[in-house]
Amino acid sequence: MAPDSRGVRPGRYPDGQIEQPVTDAELAARVVAGDAGAFTELVIRHHAACLRYASHLLGDRMEAEDVVQETLLRAYRSLGRYEERQQFRSWLFRILVNRCRTAATRRSVRRLQTAEALGSEPAIARDGSGAFELRSRLAQALGDLDARHREAFLLKHGEGLEYEEIERITGASVSALKMRVKRARDRVRARWKELDDDER
C-alpha cells in the first residue's frame, strides 16, 4: 500500500487485521539506532516527490536525479539531528531546496564562465533553457518564473504543502509565500495561454 499524507504505510497481519502504521519519525529513529533498512523505506516513500520537485525546478531530469541523491545522502548523514516533533517531509525538503539552490547557482556560474571564455555575454534564458531544452509545456510555463517564485509555486501546487510547512522549508514568511504563489500562478496561466495560442 502507498503511504498516506503523514508518510505512513499501513499493512495487514496474517489474520487480516490492519497493523499499526510506522511513521516517518519512527523509521528515522530506527535508522539512528542502526537499522539501515528503515532508511530504504524512507527513500521509497519520498524519492518520487523529491525527484518531481527537483525536475520541475531545475528543468533537467539528470541534474535533478543527482541533486536528489545528494539530498538523500545528506539526510542519511544528518538523521542524528532530526527531531521527532518535526515532520520528516518538511525536514527532508529543506535539505532538497537548499541542494536545488546550490545546483542552480553552480549552473549559473558555469554558464557565465563559458560565456567569458568565448568572449560573449551570457544569454538570458528561461530557467537555463539556453543550455537545456524544455520539452514539456509545464516546464516552459515554469521557465518564465524566477527561482523564488518557481520554488514557492512548486512546493504549494506541485507538492501540496501547507504554507506553514513551506515557511519552515524556505525561511520565507507565510504572507510573502502567498504573494509569490499568487504571482507565479498568474504568470504560469498567462504563459500557458500564450503556448495554447502558439499551437493554433
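Ordered by residue, what ³J(HN,Hα) values in Hz, to whole numbers, does region 41-46 give under the Karplus form 6.51 cos²θ - 1.76 cosθ + 1.60, where θ = phi - 60° and Gly and Pro are x?
Each residue's phi maps through the Karplus curve to give 5, 4, 4, 4, 6, 10 Hz.
Long-range amide H contacts for Val22: which residues qualify at under 5 Å (H placed 1.01 Å from N, peptide plane, sequence gap of 5 or more or a different chain)?
Arg9
For a test of the definition: using alpha carbon positions, the gyration tensor, and the 1.5 limit on a/c, classify region 48-93 as rounded, prolate or oblate.
Oblate, since a/c reaches 1.5 and b/c is not below a/b.
Between Thr102 and Glu84, what is the spin-label point distance in nm, taking each point 7 Å from the Cα along the Cα→C-beta axis?
In this crude label model, Thr102 to Glu84 measures out at 2.9 nm.
Roughly what would the spin-label model give for Glu65 and Arg183, points 7 Å off Cα along C-beta, in nm?
So the label points at Glu65 and Arg183 sit 3.5 nm apart.
Where a number appears in this text, it was derived from the coordinates with a stated rule and is not lab data. Predicted model, so just to flag it, every value in this text is computed and none were measured. Cβ: placed from backbone, ideal geometry, glycine included. Neighbour counts: every protein chain shown.
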